[in-house]
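The values are calculated or read from the model by the stated rules, or taken from the named source; none is laboratory data. Just so it is clear, the model here is predicted, and its values are computed rather than measured. Quick reminder, even Gly has a Cβ in these numbers, built from the backbone with ideal geometry, and neighbours come from all protein chains shown. Calculation scope for accessible area: heavy atoms of the full protein, side chains included, ligands and nucleic acids excluded. Shrake-Rupley method; radii C 1.70, N 1.55, O 1.52, S 1.80 Å.
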Amino acid sequence: MSFNYFIPSRILFGKGQLSNLHSQRLPGKKALIVTSAGTSMKKHGYLKRVEEELKKANVEFIIFDKILPNPIKPHVMEGAKLARENGCDFVIGLGGGSSIDSAKSIAVMASNEGDYWDYVGGGSGKGKPVPVDPLPVVAITTTAGTGTEADPWTVITNDETNEKIGFGYDKTFPVLSIVDPDLMMTVPAHLTAYQGFDALFHSTEGYINVVANEMSDIYALKSIELIGKYLSKAVKDGSSEEAREKVALANTLAGMVESTSGCTSEHSLEHAMSALHPDLPHGAGLIMVSREYYTFFAKSGACNQRMIDMAVALGKKDAKDPMDFVTALVELQKACGVDDLKMSEYGIKLSEMEDLAKNARHTMGGLFACDPVKLTDKDVVEIYTKSYK
């Protein structure tokens, strides 16, 4: 039994926790609030509530509201410049994974010179060590998908090179995270499903990962169980406080899986898809390839018991075969109305499969080393091709 464990984030979890922001020891006196280019944070009053909490805490703030669903490097650089010019000493990510991820990356570049890609380790990134500590980050999540409130990771796309790559290290953990299910009640059904499956796959990938350990296993199986039981309820009835709360917990646990284990190549495959087709929601892309991806591992014989464990956690209590997990997965996708997503509807062509496979290996090749059995480029092309609709 051996594992490394480091999750330094203070997490306030539960209904109404946003109202406790002002009473926390905040890491600075002037915040850059990073949020999306969409309207939901303003429309539903979440941004205003954060502003009111900061005023109560005598903290100044400015707002950077340009973040896209698949965040891009120019906005990281622009946000960092804004933070520096205005003397911000910490960053708040308000919204989904894209806003919080961007807040982490902005925090790095607000303290450091050069280009963000100087510090990114995959693809054309230079992989340099970050010389100066990032600004502290506060994460306020309004979705249940990425678990970024409980891990150090941030995913940004270099829109010039079509590289979507994860980055992060000990200093990019949020110092404070607020997970308030009340802020998730307004997420539309289809996005609830996409985000919930992203959380699920963080846990399933973390469970079959070759670096999985006792701690990550505990978090992963509980997260899978909660999603199996409550995600379809949250999709069908977004006003269900119980379902929203349980899926939010599953997501935060999945973030802890990311901190103690990690993703496998499933995320590499999807990052290539949404790097080349940025209108594709990350969770939707994962759903599209998931059936064939997990079928490959179920038939490989490399992680039979782990596949069965996940099937049981997902609700198939009599599971005895690795393919039982795939069956349970597809049943959950049907229950959430996302079993027939089509790559073609996002402009992906069947002729692109080899290019996608190359991009996945080039940008996020390190995750392939985490798979329980080796995936060749031919295997990746076959998974994409079989998934294509």
Assuming a ≥ b ≥ c are the square roots of the Cα gyration tensor eigenvalues, decide whether the stretch 214-327 counts as rounded (a/c under 1.5), prolate (otherwise, with a/b larger than b/c) or oblate.
rounded
Column: log10 I(q)/I(0), Debye, Cα scatterers of the stretch 1-89, q = 0.12, 0.18, 0.19 Å⁻¹:
-0.48, -0.97, -1.04
Can you show me the helix-derived [θ] at 222 nm for the chain, built from DSSP H runs with n ≥ 4 at -39,500 (n - 2.57) apiece and divided by the number of residues, rounded to the nearest 500.
-15000 deg cm²/dmol
May I ask for the net charge around Asn304, where only other residues with Cβ less than 14 Å from the Cβ of Asn304 are counted and Lys, Arg are +1 while Asp, Glu are -1?
0
Note on the stretch 138-209: alpha-carbon gyration tensor, axes a ≥ b ≥ c; rule is a/c under 1.5 for rounded, else prolate if a/b larger than b/c, else oblate; result rounded
Counting Lys and Arg as +1 and Asp and Glu as -1, what is the net charge of the other residues whose Cβ lies under 9 Å from the Cβ of Gly255?
-3
So how many Lys-Lys pairs in the stretch 49-155 land under 23 Å Cα to Cα, not counting same-chain pairs under 8 apart?
13
For the chain, the per residue accessible area (1.4 Å probe, Å²) is 39
Compactness ratio of the stretch 291-389: Cα Rg over 2.2 N^0.38 Å, N = residue count?
1.17
Diffing the stretch 337-352: the Karplus 3J(HN,Hα) column from phi (6.51, -1.76, 1.60, θ = phi - 60°), in whole Hz with x for Gly and Pro, holds x, 10, 7, 10, 5, 10, 4, 4, 6, 10, x, 6, 10, 4, 6, 8
Rounded Å value of the spacing that divides the Cα centres of the stretch 317-389 and the stretch 206-249:
20
Using 0.36 nm times the number of residues separating Ala37 and Val211, minus their current alpha carbon distance, what extension gain do you get?
59.0 nm
Would you mind computing Rg(Cα) / (2.2 N^0.38 Å) for the chain, counting N as its residues?
0.93
So which lysines pass the test for Lys317, namely a Cα distance under 24 Å, with those fewer than 8 places away in the same chain ruled out?
Lys222, Lys229, Lys233, Lys236, Lys246, Lys299, Lys334
Find which of Ala284, Val210, Ala37 sits farthest along the positive direction of the dipole of the chain, computed with +1 on the beta-carbon of Lys and Arg, -1 on that of Asp and Glu, about the Cα centre.
Ala37
With all protein chains present, how much of the accessible area of the chain (probe radius 1.4 Å) comes from carbon and sulfur, to the nearest whole percent?
51
Note on the stretch 216-283: alpha-carbon gyration tensor, axes a ≥ b ≥ c; rule is a/c under 1.5 for rounded, else prolate if a/b larger than b/c, else oblate; result oblate
Which percent of Cα-Cα pairs in the stretch 48-161 sits in each 10 Å bin, short to long?
14, 47, 33, 6, 0
What GluC sites (Glu not before Pro) in the stretch 87-172 are in a loop by DSSP, with at most 12 other Cβ atoms within 10 Å of the Cβ?
Glu113, Glu160
Between Gln195, Gln24, Gln333, which gets the highest mean-square fluctuation from a Gaussian network model of the chain, Cα cutoff 10 Å?
Gln24
Debye, to nearest 20: dipole size of the stretch 312-389, +1 on Lys, Arg Cβ, -1 on Asp, Glu Cβ
60
Rounded to the nearest 10 degrees, the helix 97-111 long axis (Cα) sits at an angle to the longest Cα principal axis of the chain of 50
Trypsin sites (Lys or Arg not before Pro) lying in DSSP loop within the stretch 316-374, provided at most 16 other Cβ fall within 10 Å:
Lys317, Lys320, Lys342, Lys349, Lys374
Placing one equal point scatterer on each C-alpha of the stretch 71-116 and summing with Debye, one gets log10 I(q)/I(0) at q = 0.16, 0.23, 0.26 Å⁻¹ equal to -0.35, -0.71, -0.90
Using only the alpha-carbon atoms, how far is helix 353-364 inclined from the longest principal axis of the chain? Give it as 0 to 90 degrees, nearest 10.
50
Taking the Cβ of Lys233 as the centre, find all other residues whose Cβ is under 13 Å away and add up their charges (Lys, Arg: +1; Asp, Glu: -1).
0
